[in-house]
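Report on the following structure.
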Amino acid sequence: MTEQELKHLLQSMSLEEKVGQMVQVTGAFLEEDAVITGPAADAGLELSDCKLAGSILGIAGAKRLRKIQERYMEEHPHHIPLLMMADVIHGYRTVFPIPLALGASFHPELVEKAMTMAAAEAASAGLHVTFSPMTDLVRDPRWGRVLESFGESPWLDARMAEAYVRGYQGPDNDLSRPGRLSACDKHFVGYGAPVAGREYNHAELSEHTLREFHLPAKIAAIRAGTACVMPAFQSLNGVPCTASEKIVRNLLRDELGFEGVTISDWSAVGELVAQGAAENTREAAKLAIEAGIDIDMMSVCYARELKGLVESGEVEERLVDEAVWRILTLKNRLGLFEDPFHGAGVQEEKRTVLCEKHRDLARSLVAESVILLKNEDAVLPLDSGSRTAFIGPYVDSTDTCGSWAIFQNREDTVTLRRGVTEGGYGANAVFCHGCDVLENTRVLGFGVEEVFGQSENRDEWIREALQAAKEADRVVMALGEHTLQSGEAASRGDITIPHQQMELLRQISAVNPNVVTVVYSGRPLDLREVSACSKAVLAVFLPGTMGGAGIADVLFGRTSPGGRVSISFPWSVAQVPVYHDDYTTGRPYDPAGAEQKFVSRYLDMPNEPLYSFGYGLTYGIFRYSPVRLSAGSMGQGQILTASVTVKNEGSMAAKETVQLYLRDEKGTTVRPRRELKGVKCLYLQPGEEGEAVFEITEDLLKIWDKHMNFLAEPGWFTIYVGGDSRTENSARFRYEG
Ligand code: NOJ
């Protein structure tokens, strides 16, 4: 449709129809035999509120969505197509490792490829918009949605944000092409910093912290062209984001230049009442539209109140028109007025979902993202000639995709046992269940309460596991959190492995010292005891459809583990938040120095996490040259290069994740001890050398100064280049300004 035609369409729509475009409901409510039950019914939503809704969410499948679209368009007064949205967070049917693991790959190019595939699958199944990426910076592993984040570094978060948006929308941002999805960056802003890590809790961020740490990835997603943005549920510095003109209209739109569609989070407009920000749904609707929320997801506020608010003059119709214009523009960019199905169809869906190419990339991304945290006596890689006992509840589990993989089919998931046997590694392997993931625990899933009781087979499982461990040369323990213990509404105060699994590990390690523990989790856990009981520890997070295959490849040395810690694994939850780019203090603690009293430290635990940012072992042995700088100083607009030569002196091919950190030695605002500012992945054969070259631009040096200007301040900088955030391989230069 031309812009002119679109304008005519908008002008010809009734107020009721326009308001409809701003309403989003669950897809099932637009199906032929729809009934409204559950929380939506409790909130008072009725089918009549949904009739003109301009978008739906939460369901997929080409046949199902085509049917809904056909029926809806036929009945719609202007035959305007529906927008179909859903949470495709790390894959549609081919589920890639969780975003936290993708962050650990430190490899945005591969992540972009994966999201291109996710988009192709989801679009073939009828979806137009995905509520992804989640670019909330997270430093508190108690928060369950840490699994959806890319970790603790603003720089890495920003690169992953770009990769996700480019993957979904294509490098040219042409949404009309088949296989493209519109991205929706979320949540704007501060949702990743709930006080005390408790889900939906308010966030308190100073202007400085917000801009320095939490906004860079949002800005990156906007610059990459994200078509939608979802304002956050929670309040930031006292005002709910959904009702904040300052956050949505002033910051997101006016300052950051976002011109696309804003969608509230699920029932967030209605929740303004519970938050005490609005007296009733009418006031909530008024606050939200004034703040700049275009679409009200799953609350009755816009559907019930907007028309009346405009008719009474309390809300200007101009605000409705602006929002509807943005929504229609998105539909037009997707080409829905020409093809309301956007290329979706049963044949296309069959051809695309879970195709070999997608499964292959998912498998290599597992190897790219698992982190080898410990490998004493080079117990890994395993030799398939020796006897290996695989023990634990994750040996046969297909529940390894995480709670956001809502379109997965559990049967598609390759378990660890299947990965080992089908990978050809299983000649001398035995497999035992050992124990359940949880016992005597109550966990709430999506609307379901699951109570995990004590199993009758427990003693038998343990006996069998101990016997197998005694007879084996090595034991691989497959342990971890339950998938319902991470994700939305899954904050935990105790971030350890469930106790009966720990008990099993203790008993097994007492009969066989050669234990390799594979840890499944949606967050960095406190792994102190796991590490003490194991010679090797491999963190695999929630590895997705091809998890078992990718993990087996790493365990048996077909591939070297490629992941690095993207969020610090705390020594104890009591250190939280603990991260690599915290600010320097006037009384820094030097763990290598003599006894110190009046310094910034804990008396009863280290300052440093158990596994620091950027850390991860491989099967290679890498030697770094000193850092070479192209010059000792740089002036305005100039670029320096920092380079290192890296040699693989080991006997196996491996990926080395070369990281560049920057330390601004003096600033008008306090500066982080060091900050990640660059990554190069080198894949080196034994004996091979590679070079990593980084450009240091003025932009990389910019900070928020004491007057809240974003600029590079003259002075000395230290560059560190190495294999983790604690490297001392460094060089200095001066920025002259
Ligand atoms: C609530 C979550 O916070 C948001 O991220 C998600 O996109 C919506 N629900 C829709 O499922």
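The values are calculated or read from the model by the stated rules, or taken from the named source; none is laboratory data. Please read all numbers here as calculations on a predicted model, not as lab measurements. We place every Cβ from the backbone using ideal geometry, glycine too, and count neighbours over all the protein chains shown. Only protein heavy atoms, including side chains, enter the accessible area calculation; ligands, DNA and RNA are left aside. Shrake-Rupley method; radii C 1.70, N 1.55, O 1.52, S 1.80 Å.
Taken over the range 23-54, the criterion of being assigned to a loop (DSSP other than H, G, I, E, B), under 27 Å from Glu316 (Cα atoms) and either open to solvent by 40 Å² or more (accessible area, probe 1.4 Å) or touching a Gly at 6+ places or on another chain (Cβ under 7 Å) (or both) is satisfied by Ala43, Glu46, Lys51, Leu52, Ala53, Gly54.
Of everything listed in (1) open to solvent by 10 Å² or more (accessible area, probe 1.4 Å); (2) within 27 Å of the chain's Cα centre (by Cα), the single unmet condition for Ala274 is (2).
For (1) under 23 Å from the mean Cα position of the chain (by Cα); (2) buried (at least 16 other Cβ atoms within 10 Å of the Cβ), each residue gets a yes or a no:
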site: Phe556; (1), (2): no, yes
site: Ala574; (1), (2): no, no
site: Thr585; (1), (2): no, no
site: Leu603; (1), (2): no, no
site: Gly614; (1), (2): yes, yes
site: Leu617; (1), (2): yes, yes
site: Ser633; (1), (2): no, no
site: Leu640; (1), (2): no, yes
site: Gly650; (1), (2): no, yes
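Considering every residue within the range 487-500, establish whether at least one is assigned to a helix (DSSP H, G or I) and either over 33 Å from the mean Cα position of the chain (by Cα) or surrounded by fewer than 18 Cβ atoms within 10 Å (Cβ to Cβ) (or both). Yes.
Of all residues in the range 218-254, which are assigned to a helix (DSSP H, G or I), within 16 Å of the ligand (Cβ to nearest atom) and closer than 18 Å to Gly167 by Cβ? Lys218, Ala221 - these are the residues of the range 218-254 that are assigned to a helix (DSSP H, G or I), within 16 Å of the ligand (Cβ to nearest atom) and closer than 18 Å to Gly167 by Cβ. For the range 682-708, residues that are surrounded by 19 or more Cβ atoms within 10 Å (Cβ to Cβ) and either part of a loop (DSSP other than H, G, I, E, B) or in contact (Cβ under 8 Å) with a residue 60 or more places away in the chain (or both) total 4.
Comparison of Val679, Val693 shows that the only residue that is among the hydrophobic types (A, V, I, L, M, F, W, C) and either under 22 Å from Ser560 (Cα atoms) or modelled with pLDDT under 95 (or both) is Val679. Applying a threshold of 8 Å to beta carbon distances and a minimum spacing of six or more residues, or different chains, the list of pairs starting in the range 224-235 at a residue that is within 13 Å of Gly292 (Cα to Cα) and ending at one that is within 11 Å of the ligand (Cβ to nearest atom) and open to solvent by 10 Å² or more (accessible area, probe 1.4 Å) reads Met230/Asp265; Pro231/Asp265; Ala232/Asp265. Taking the criterion of being more than 19 Å from the chain's Cα centre (by Cα), open to solvent by 10 Å² or more (accessible area, probe 1.4 Å) and among the small types (Gly, Ala, Ser), the residues of the range 218-251 that qualify are Ser235, Gly238, Ala243. Only one residue in Gly650, Gly637, Gly616, Gly620 is at pLDDT 95 or above, among the small types (Gly, Ala, Ser) and over 27 Å from Leu527 (Cα atoms), so which one is that? The match here is Gly650. Considering (1) closer than 22 Å to Leu617 by Cβ; (2) open to solvent by less than 50 Å² (accessible area, probe 1.4 Å); (3) modelled with pLDDT of 95 or more, the lone condition that Ser386 does not fulfil carries the number (3). Restricted to strands (runs of 3 or more DSSP E) entirely inside the range 379-448, those with at least 1 residues that are within 31 Å of the chain's Cα centre (by Cα) and over 23 Å from Ile508 (Cα atoms) are 441-444.
Residues are listed down the side, and each one gets a yes or a no for (1) more than 16 Å from the ligand (Cβ to nearest atom); (2) open to solvent by 10 Å² or more (accessible area, probe 1.4 Å); (3) within 23 Å of Val165 (Cβ to Cβ):
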residue: Ala62; (1), (2), (3): yes, no, no
residue: Gln69; (1), (2), (3): yes, no, no
residue: Glu74; (1), (2), (3): yes, yes, no
residue: His79; (1), (2), (3): yes, yes, no
residue: Val88; (1), (2), (3): no, no, yes
residue: Arg93; (1), (2), (3): yes, yes, yes
residue: Phe96; (1), (2), (3): yes, no, yes
residue: Pro99; (1), (2), (3): no, no, yes
residue: His107; (1), (2), (3): yes, yes, yes
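For the range 286-301, the set of residues classified as within 16 Å of the ligand (Cβ to nearest atom), touching a helix residue (DSSP H, G or I) at 6+ places or on another chain (Cβ under 7 Å) and assigned to a loop (DSSP other than H, G, I, E, B) consists of Ile293, Asp294, Met298, listed by residue number.
Hey, among the residues in the range 429-450 that are modelled with pLDDT of 90 or more and out of contact with any Ser or Thr (no Cβ under 6 Å at 6 or more places or on another chain), which one's most open to solvent (accessible area, probe 1.4 Å)? Restricting to residues being modelled with pLDDT of 90 or more and out of contact with any Ser or Thr (no Cβ under 6 Å at 6 or more places or on another chain), the top hit is Val430. Among the residues of the range 715-737, those that are part of a loop (DSSP other than H, G, I, E, B) and surrounded by 14 or more Cβ atoms within 10 Å (Cβ to Cβ) comprise Gly723, Asp724, Ser725, Arg726, Thr727, Asn729. Note on the range 136-190: among residues that are more than 13 Å from the ligand (Cβ to nearest atom) and among the basic types (Lys, Arg), the one that is surrounded by the fewest Cβ atoms within 10 Å (Cβ to Cβ) is Arg177. Once the range 191-217 is narrowed to residues that are assigned to a loop (DSSP other than H, G, I, E, B) and crowded, with 23+ Cβ neighbours inside 10 Å, the residue that is nearest to the ligand (Cβ to nearest atom) is Tyr191. Do we have any residue at all in the range 77-85 that's among the aliphatic types (A, V, I, L, M) and out of contact with any His (no Cβ under 9 Å at 6 or more places or on another chain)? Yes, because at least one residue in the range 77-85 is among the aliphatic types (A, V, I, L, M) and out of contact with any His (no Cβ under 9 Å at 6 or more places or on another chain). Of the helices (runs of 4 or more DSSP H) lying entirely inside the range 90-171, those containing at least 1 residues that are within 23 Å of Gly616 (Cβ to Cβ) and free of Cβ contacts under 8 Å to residues at least 60 places away in the same chain are 108-124, 154-169.
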